[in-house]
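A quick write-up on the structure given underneath.
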Amino acid sequence: MFVEAGCYALIALGLNIQWGYAGLFNVGVMGFIAAGAATSMIATYPPNPDFWNSNGPQMLLGALVRLVLGGLMIFLANRSDRIGAGPKLRALLIAIAIAMTWIMVTAAVNPMAAEIEGKATWMGGFGLPVFAGWLLAAIVAGFIAWFVGKVCLGLRSDYLAIATLGFAQIIKTFLKNADWLTKGTLTVSPLPWPVPKPEDGEFLLARSLYLAIVAVLIVVIYLALQRAYH
């Protein structure tokens, strides 16, 4: 229970930056948390041999390549004003780039999901150390937060809340329905621990070590915030 309470304390510190210091009513935080949690799980969970013995890895790579190309198209369309495109033409180019990206990625993801779910149930993880998974989770959640900020920070008050809530729901809905990636509502359990699990030794010792790590994170982040804002 204390470990879970510590995790909520970390979330509260993050909310204090946005709602307290910045005064931004961002309700999309749960989406960032969900994306980070999924990233950590995928990074640290043991690999699924059935996935790696299927066509899933090649199909996943193809989908990622299409996603990167789509992102590049959207980026270039967004910068088209620098080569003389007017506001209306720029908006049209961005809309076309987004539509093309959606079509390309969907055409790759749908058969890939069917392949993975049919032959391996789900993708599995990469078996990385837990601390590496936490670092990757922070990077992914931070990148998503940066993107949402670029899109939404021109809004204020209720409009900012509605927009960020929309992004959070998109992320949560995707993760909930991506059975090939996260097992959806079936969830993944048990997750890897950063310390020896209770079944490997004393339950109290394992939970105490886990709590100690969370407590150190809380103190480090709190001191960093105090130094940044005071």
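The values are calculated or read from the model by the stated rules, or taken from the named source; none is laboratory data. Keep in mind that what you see is a predicted model, and the values were worked out from it rather than measured. For neighbour counting, all protein chains shown are included, and Cβ atoms are generated from backbone atoms with ideal geometry for every residue, glycine included.
Before moving on, here are some points about what is shown:
- Residue pairs meeting the criteria (Cβ under 8 Å; at least 6 apart or on separate chains; first loosely packed, with under 14 Cβ neighbours inside 10 Å, in the stretch 68-94; second of a type in the set (Asp, Glu)): PRO87/ASP81
- Test: LEU191 is out of contact with any strand residue (DSSP E or B) (no Cβ under 6 Å at 6 or more places or on another chain) and at pLDDT below 85: no
- Selection count where residues are among the hydroxyl-bearing types (Ser, Thr, Tyr) and free of Cβ contacts under 8 Å to residues at least 24 places away in the same chain, scope the stretch 5-60: 1
- Residue match in the stretch 166-187 (condition: farther than 25 Å from TRP52 by Cβ, among the small types (Gly, Ala, Ser) and part of a helix (DSSP H, G or I)): yes
- Residues that are at pLDDT below 95, closer than 21 Å to THR164 by Cβ, within 18 Å of the chain's Cα centre (by Cα) and assigned to a helix (DSSP H, G or I) do not occur anywhere in the stretch 39-55.
- Check on ALA114, among the aliphatic types (A, V, I, L, M), over 30 Å from PHE131 (Cβ atoms), surrounded by 14 or more Cβ atoms within 10 Å (Cβ to Cβ) and free of Cβ contacts under 8 Å to residues at least 60 places away in the same chain: no
- Residue in the stretch 178-198 that is closer than 26 Å to GLY14 by Cα and among the small types (Gly, Ala, Ser) present: no
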